[in-house]
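Trainee: Quick one: structure below, then a few questions.
The values are calculated or read from the model by the stated rules, or taken from the named source; none is laboratory data. Please read these numbers as outputs of a predicted model, since none were measured by experiment. Cβ placement follows ideal geometry from the backbone for every residue including glycine, while neighbour counts extend to all protein chains displayed. Surface accessibility is based on the protein's heavy atoms, side chains included, excluding ligands, DNA and RNA. Shrake-Rupley method; radii C 1.70, N 1.55, O 1.52, S 1.80 Å.
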Amino acid sequence: MARRPSRLPSREAAPESDADETARRRIEALSRELERHDQLYYQEDAPEISDREYDLLRRELEALEAAHPELIRPDSPTQRVGSAPAEGFATAPHRSPMLSLDNAMNADEMRAFDARVKKLLGRDDEVEYVAEPKLDGSGIELIYENGRFVQGLTRGDGQTGEDVTVNLRHVATIPEELATTSPPPIASIRGEIVLPLAAFERLNEKRLAAGLRPFENPRNAAAGSLRQIHDVDLQRLASLEFRAYALAEGQPAGISRQHEVLAQLADWGFFVSPECGRARGAGEAIAFNEALLARRGELPIEIDGTVFKVDRLEAQAELGTVARAPRWAIAFKFPPEQAETVLADVEFQVGRTGALTPVARLRPIRVGGVTVSNASLHNQDELDRKDIRVGDRIVIQRAGDVIPQVVRVRLDKRREALAEGFQLARTRLPDRCPVCQAATVRLEGESVTRCANVDCPAQLKTNLRHLASRGALDVDGLGEKLVDQLVEAGLVRRLSDVFALRAEDLEALPRMGEKSAANLVAALERARHTTLARWLIALGIRHVGETVAEMLAQRFETMERLLSATPEEIGAIEGIGGTIAESVGRFLADPHNRAEIARFAELGLVVESPPARPTPAEGGSDVLAGLTFVLTGTLSQPREVFERRIKDAGGKTSGSVSKKTSYVLAGEEAGSKLKKATELGVAVLDEAGFEALLAARQADGA
Ligand code: IVH
């Protein structure tokens with residue numbers, strides 16, 4: 001089944017009876033969710049959550065795996081570092097691992113780093129460091145053979161990267177040849193690909209004008225540009241900048257210091273950050289970092305700290321590397337910059353999963369070198385926690401990302417807001433979706449409020465892709481591009497429209513020939529014959545994946561019966577918890593969704609009869625044909641056992657008592673259903689009565 005966004009079952013959804021099973025399910029869900037975010041971050045350069053939210057998910061997974069080592073899967077996201085190479089580019093190993101850096105978050109941590117270096121080197125005098133800006137881009141390795149550029153790799157997972165040589169050849173700051181008459185046979189140059197801020201802003205303007213989603217920050221934009229595969233935009237490549245900072249192989253004799261390495265790189269024709277400098281000891285390093293921070297806003301590129309590297313290469317070798325980071329270098333990170341402004345308004349955006357995000361519209365203000373006018377407010381909990389109201393004076397900060405966060409409200413300045421005429425009303429997420437006006441819901445235990453309409457244009461594409469996926473209706477040939485086209489051309493306005501598509505509609509689409517149109521029509525025809533479980537999956541009900549869909553299908557057998565089931569009946573299914581039952585119940589209660597379900601059927605979707613019942617030789621019979629049973633109370637064996645026996649004998653089961661019910665089979669402590677049966681005059685059997693009925697009918701039939 002194709003992975004869907006936000007299919008992460010909440011903790012409540014797992015059975016509580018079995019702690020291991022709960023852990024296993026949560027580990028699986030977390031792994032899938034992390035993989036999806038890795039994909040979004042590394043392959044699509046379109047992250048949906050903040051680094052912090054990602055870290056929290058990852059930490060939860062790590063904690064669970066630590067407690068249940070037997071459940072660690074070899075393909076768990078915790079067993080990898082960095083990104084898996086994207087599909088499309090060939091991969092190649094790095095000549096030596098590309099390391100990462102440890103961070104110092106404040107002056108104390110910088111001093112601690114310096115103290116450890118001194119201790120390890122057994123020195124009392126001040127250590128000399130090279131200070132380099134910490135470039136916020138994408139690390140790469142360039143290989144030069146006899147002075148000629150032959151290969152460029154992304155960092156990838158540190159061991160293996162993607163071969164993006166073809167794209168790198170268009171980056172002006174990557175020389176085709178080293179500017180020397182005596183190049184080393186092999187040189188491995190490492191540095192960062194960055195996108196200067198001015199180019200970043202131009203690129204985003206272009207994307208917005210073209211109806212594309214703008215990049216979140218220059219780092220994502222740089223990574224995205226570097227990894228263009230199709231319709232490569234050369235201008236985007238040309239606007240990238242390569243800044244060199246390390247020579248992993250091919251170091252000419254006589255070089256013994258990092259500052260000499262930088263000079264050599266510059267000599268060979270590379271661009272080395274002009275902000276580089278030197279510092280003796282922690283004191284000077286802290287001062288350097290502060291001075292660089294003060295200049296941050298004037299720099300043409302995004303940086304997020306200073307990297308301090310022990311200058312003497314011999315000392316570097318002595319200090320060595322632990323885990324994945326060298327002990328001779330540290331990234332001293334800038335504190336996030338803060339500023340104060342007025343929250344002019346709050347708007348609500350609908351994401352691809354239907355999630356509503358409150359977005360702060362700010363009086364524009366400069367923070368960290370850029371003017372910001374928006375900030376994410378995340379969700380209702382965040383609004384409540386910080387008590388954020390329109391008109392408030394708020395403190396915002398910009399960490400690594402261009403999208404800033406609201407740190408806190410200046411409660412002491414509310415008078416000013418009132419004086420300006422603001423009402424200072426509490427901020428509430430709307431009851432109606434701002435895009436399609438359908439009702440919004442927030443499920444218990446979740447922080448996110450969502451638009452409940454599967455056909456909300458904001459969600460339709462995702463939902464249609466899901467409907468076509470293998471685990472759902474498996475519509476051959478209905479891929480992402482075509483889904484986009486169908487929705488954009490207005491051919492699909494709600495999910496069921498897909499079954500109203502005719503060959504002539506499809507042929508009118510660009511790049512769609514007669515043959516492919518006919519193929520899709522045929523694929524849709526095949527997809528019309530499905531099972532109840534697949535149909536339920538296809539509807540994209542939150543929390544309904546394969547397992548839950550199977551359980552629902554087994555219990556109710558037909559869509560009609562499921563539609564008339566009560567939330568209690570759904571919740572009573574073994575393994576379906578309150579969260580799932582609530583989600584299913586809410587979905588099925590929505591008149592719009594019911595209309596959609598009816599329309600699917602009208603447009604020819606048929607549920608194939610469930611697998612054939614056992615033959616008399618296999619223990620099956622027809623003796624209960626025409627009878628409908630409702631089971632209630634506690635029986636001597638699980639309910640499913642009786643359900644199976646009834647079905648094998650040709651009978652039906654239902655979740656609710658009506659005049660059509662033939663018998664109610666009541667166990668211990670039967671409640672409302674028993675009462676209803678008595679009211680309606682429906683016959684009630686206990687287990688003995690049921691066995692007697694079955695025996696009598698079998699004797700009759702024999
Ligand atoms: S040195 C040997 N120098 O930061 C240590 N890295 O957080 C690693 N980075 O993967 C490389 N500016 O992509 C080094 N002046 C700089 C850097 C820098 C940015 C990146 C690099 C690395 C990451 C680690």
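Trainee: Return only the number of the condition from (1) farther than 18 Å from Ala112 by Cα; (2) touching a residue at least 12 places away in the same chain (Cβ under 8 Å); (3) within 16 Å of the ligand (Cβ to nearest atom) that Lys386 does not satisfy.
Mentor: Among (1) farther than 18 Å from Ala112 by Cα; (2) touching a residue at least 12 places away in the same chain (Cβ under 8 Å); (3) within 16 Å of the ligand (Cβ to nearest atom), the lone unmet condition for Lys386 is (3).
Trainee: Every residue in segment 115-145 that is touching a Pro at 6+ places or on another chain (Cβ under 8 Å) and acidic (Asp, Glu), please.
Mentor: First, the residues of segment 115-145 that are touching a Pro at 6+ places or on another chain (Cβ under 8 Å): 136-137, 144-145.
Residues satisfying the conditions are Asp136, Glu145.
Trainee: Give Glu275, Glu249 a once-over and let me know the one that is more than 18 Å from Ile189 (Cβ to Cβ) and of a type outside the set (Gly, Ala, Ser).
Mentor: Details: Glu249 fails: more than 18 Å from Ile189 (Cβ to Cβ).
Exactly one residue qualifies, and that residue is Glu275.
Trainee: Shifting gears a bit: Among the residues of segment 268-279, is there at least one that is under 29 Å from Arg111 (Cβ atoms), at pLDDT 90 or above and more than 15 Å from the ligand (Cβ to nearest atom)? I'd like the intermediate steps shown before the answer.
Mentor: To start, the set of residues in segment 268-279 that are under 29 Å from Arg111 (Cβ atoms) comprises 272-279.
Add one more test, that the residue is at pLDDT 90 or above, and what stays is 272-279.
With the extra rule that they be more than 15 Å from the ligand (Cβ to nearest atom), the set shrinks to none.
Within segment 268-279, none of the residues are under 29 Å from Arg111 (Cβ atoms), at pLDDT 90 or above and more than 15 Å from the ligand (Cβ to nearest atom).
Trainee: Name the residue, out of Glu162, Glu132, that is in contact (Cβ under 8 Å) with a residue 40 or more places away in the chain, within 30 Å of Ala282 (Cα to Cα) and open to solvent by less than 40 Å² (accessible area, probe 1.4 Å).
Mentor: Working: Glu162 fails: within 30 Å of Ala282 (Cα to Cα).
Going through Glu162, Glu132 in turn, just one is in contact (Cβ under 8 Å) with a residue 40 or more places away in the chain, within 30 Å of Ala282 (Cα to Cα) and open to solvent by less than 40 Å² (accessible area, probe 1.4 Å): Glu132.
Trainee: Follow-up question, since we're still on this one. Residues of segment 342-355 being closer than 30 Å to Leu443 by Cα and either modelled with pLDDT of 95 or more or part of a loop (DSSP other than H, G, I, E, B) (or both), which ones? It would help to see each step written out before you state the result.
Mentor: So in segment 342-355, the residues closer than 30 Å to Leu443 by Cα come out as 343-355.
The answer is Leu343, Ala344, Asp345, Val346, Gly351, Arg352, Thr353, Gly354.
Trainee: If you take the residues of segment 184-203 that are out of contact with any Leu (no Cβ under 9 Å at 6 or more places or on another chain) and more than 21 Å from Leu265 (Cβ to Cβ), which of them is nearest to the ligand (Cβ to nearest atom)?
Mentor: Of everything passing the filter in segment 184-203, Phe200 is nearest to the ligand (Cβ to nearest atom).
Trainee: Looking at the structure I just gave you, is Leu552 more than 30 Å from Arg25 (Cα to Cα), open to solvent by less than 20 Å² (accessible area, probe 1.4 Å) and touching a residue at least 24 places away in the same chain (Cβ under 8 Å)? Steps first, answer last, please.
Mentor: Details: more than 30 Å from Arg25 (Cα to Cα): no; open to solvent by less than 20 Å² (accessible area, probe 1.4 Å): yes; touching a residue at least 24 places away in the same chain (Cβ under 8 Å): yes.
In short, no.
Trainee: Cβ-Cβ below 7 Å, separation at least six or inter-chain, first residue in segment 88-105 and farther than 20 Å from Trp328 by Cβ and open to solvent by less than 60 Å² (accessible area, probe 1.4 Å), second within 12 Å of the ligand (Cβ to nearest atom) and assigned to a strand (DSSP E or B): which pairs?
Mentor: Ala92/Gly161
Trainee: Just name the residue that is most open to solvent (accessible area, probe 1.4 Å) out of those in segment 435-457 that are under 15 Å from Gly540 (Cβ atoms) and not in a loop (DSSP other than H, G, I, E, B).
Mentor: Restricting to residues being under 15 Å from Gly540 (Cβ atoms) and not in a loop (DSSP other than H, G, I, E, B), the top hit is Pro457.
Trainee: From the list Arg295, Arg312, Arg324, exactly one residue is away from the ligand (no atom under 12 Å from the Cβ) and over 29 Å from Gln405 (Cα atoms). Which is it? Write out each step before concluding.
Mentor: Values: Arg295 fails: over 29 Å from Gln405 (Cα atoms); Arg324 fails: away from the ligand (no atom under 12 Å from the Cβ).
Testing whether each residue is away from the ligand (no atom under 12 Å from the Cβ) and over 29 Å from Gln405 (Cα atoms) leaves just Arg312.
Trainee: Something else: State all residues of segment 284-304 that are open to solvent by 20 Å² or more (accessible area, probe 1.4 Å) and among the small types (Gly, Ala, Ser); if no residue qualifies, say none.
Mentor: Selection gives Ala287, Ala291, Ala294, Gly297.
Trainee: Residue by residue through segment 406-424, note down the ones that are in a loop (DSSP other than H, G, I, E, B), hydrophobic (A, V, I, L, M, F, W, C) and out of contact with any Lys or Arg (no Cβ under 6 Å at 6 or more places or on another chain). I'd like the intermediate steps shown before the answer.
Mentor: As a first pass, look at segment 406-424 and keep what is in a loop (DSSP other than H, G, I, E, B): 410, 420-424.
The next check asks that each one be hydrophobic (A, V, I, L, M, F, W, C); those that pass are 422, 424.
Within segment 406-424, Phe422 is the sole residue that qualifies.
Trainee: Among the numbered conditions (1) within 16 Å of the ligand (Cβ to nearest atom); (2) over 21 Å from Leu319 (Cα atoms); (3) modelled with pLDDT under 95, tell me where Leu135 comes up short.
Mentor: For Leu135, the failing item is (3).
Trainee: Now for a separate question. Which condition does Val307 not pass, out of (1) β-branched (Val, Ile, Thr); (2) open to solvent by 20 Å² or more (accessible area, probe 1.4 Å); (3) under 31 Å from the mean Cα position of the chain (by Cα), if it passes all the others?
Mentor: The one condition Val307 does not meet is (2).
Trainee: Being under 15 Å from Glu569 (Cα atoms) and of a type in the set (Lys, Arg) is the filter here; which residues of segment 657-673 pass it?
Mentor: Lys673
Trainee: Could I ask something else about it? So which residues in segment 139-173 are within 12 Å of the ligand (Cβ to nearest atom) and closer than 15 Å to Ile189 by Cβ? Lay out the reasoning, then the answer.
Mentor: Filtering segment 139-173 down to residues within 12 Å of the ligand (Cβ to nearest atom) leaves 139-141, 154-158, 161.
Across segment 139-173, the qualifying residues are Gly139, Ile140, Glu141, Thr154, Arg155, Gly161.
Trainee: Here is a follow-up. Name the residue that is farthest from Glu669 (Cα to Cα), counting only residues in segment 610-633 that are of a type in the set (Ser, Thr, Tyr) and at pLDDT below 85.
Mentor: First, pick out the residues of segment 610-633 that are of a type in the set (Ser, Thr, Tyr): 615, 621, 628, 632.
If we keep only those that are at pLDDT below 85 as well, we get 615, 621.
Working: Thr615: 35, Ser621: 31 Å.
Among them, the one singled out is Thr615.
Trainee: In addition: Of the residues Gln258, Gln228, only one is away from the ligand (no atom under 12 Å from the Cβ) and either modelled with pLDDT of 90 or more or open to solvent by 10 Å² or more (accessible area, probe 1.4 Å) (or both); which? Reasoning before the result, please.
Mentor: Details: Gln258 fails: away from the ligand (no atom under 12 Å from the Cβ).
From the options Gln258, Gln228, the qualifying one is Gln228.
Trainee: Give the residues of segment 320-345 that are surrounded by fewer than 17 Cβ atoms within 10 Å (Cβ to Cβ) and over 30 Å from Ile388 (Cβ atoms), sorted by residue number.
Mentor: We begin by selecting, within segment 320-345, every residue surrounded by fewer than 17 Cβ atoms within 10 Å (Cβ to Cβ); these are 320-325, 335, 338, 340, 344-345.
Correct list: Gly320, Thr321, Val322, Ala323, Arg324, Ala325.
Trainee: Starting from residues that are within 16 Å of the ligand (Cβ to nearest atom) and open to solvent by less than 70 Å² (accessible area, probe 1.4 Å), keep the ones in segment 106-129 and report whichever is nearest to Tyr245 (Cα to Cα).
Mentor: Initial filter on segment 106-129 (within 16 Å of the ligand (Cβ to nearest atom)): 109-110, 113, 117, 129.
The next check asks that each one be open to solvent by less than 70 Å² (accessible area, probe 1.4 Å); those that pass are 110, 113, 117, 129.
Details: Met110: 21, Phe113: 21, Val117: 21, Tyr129: 14 Å.
So, considering only residues that are within 16 Å of the ligand (Cβ to nearest atom) and open to solvent by less than 70 Å² (accessible area, probe 1.4 Å), the one nearest to Tyr245 (Cα to Cα) is Tyr129.
Trainee: Name every residue in segment 679-702 that is without any contact (Cβ under 8 Å) to a residue 60 or more places away in the chain, part of a helix (DSSP H, G or I) and exposed (fewer than 12 other Cβ atoms within 10 Å of the Cβ), in order of residue number.
Mentor: Kept after step one, since they are without any contact (Cβ under 8 Å) to a residue 60 or more places away in the chain, are these residues of segment 679-702: 679-693, 695-696, 699, 702.
With the extra rule that they be part of a helix (DSSP H, G or I), the set shrinks to 679-680, 687-693, 695-696, 699.
Residues satisfying the conditions are Glu679, Ala688, Ala695, Ala696, Ala699.
Trainee: Quick one: what pairs do we get from segment 198-218, first residue open to solvent by less than 90 Å² (accessible area, probe 1.4 Å), second of a type in the set (Gly, Ala, Ser) and not in a helix (DSSP H, G or I), C-beta under 8 Å, 6+ apart or different chains?
Mentor: Ala199/Ser239; Leu203/Ser239; Glu216/Ala46; Asn217/Gly400; Pro218/Gly137
Trainee: Okay, moving on. May I ask you to list the residues in segment 458-474 that are open to solvent by 40 Å² or more (accessible area, probe 1.4 Å) and within 17 Å of Leu605 (Cβ to Cβ)? Write out each step before concluding.
Mentor: Taking segment 458-474 as the starting set, the residues that turn out to be open to solvent by 40 Å² or more (accessible area, probe 1.4 Å) are 461, 465, 470, 474.
Passing the criteria: only Asp474.
Trainee: Could you check, for segment 386-405, whether at least one of its residues is part of a strand (DSSP E or B), of a type in the set (Lys, Arg), closer than 23 Å to Arg219 by Cα and open to solvent by less than 60 Å² (accessible area, probe 1.4 Å)?
Mentor: Just the residues of segment 386-405 that are part of a strand (DSSP E or B), to begin with: 389, 393-398, 405.
Subset that is of a type in the set (Lys, Arg): 389, 393, 398.
With closer than 23 Å to Arg219 by Cα added as a condition, the list becomes 398.
Narrowing the set further to residues that are open to solvent by less than 60 Å² (accessible area, probe 1.4 Å) leaves 398.
Within segment 386-405, one or more residues are part of a strand (DSSP E or B), of a type in the set (Lys, Arg), closer than 23 Å to Arg219 by Cα and open to solvent by less than 60 Å² (accessible area, probe 1.4 Å).
Trainee: For Arg511, indicate whether it is of a type in the set (Lys, Arg), exposed (fewer than 15 other Cβ atoms within 10 Å of the Cβ) and on the phi > 0 side of the Ramachandran plot.
Mentor: yes
Trainee: Any residue at all in segment 243-254 that's touching a residue at least 60 places away in the same chain (Cβ under 8 Å), away from the ligand (no atom under 16 Å from the Cβ) and surrounded by 23 or more Cβ atoms within 10 Å (Cβ to Cβ)?
Mentor: There is no residue in segment 243-254 that is touching a residue at least 60 places away in the same chain (Cβ under 8 Å), away from the ligand (no atom under 16 Å from the Cβ) and surrounded by 23 or more Cβ atoms within 10 Å (Cβ to Cβ).
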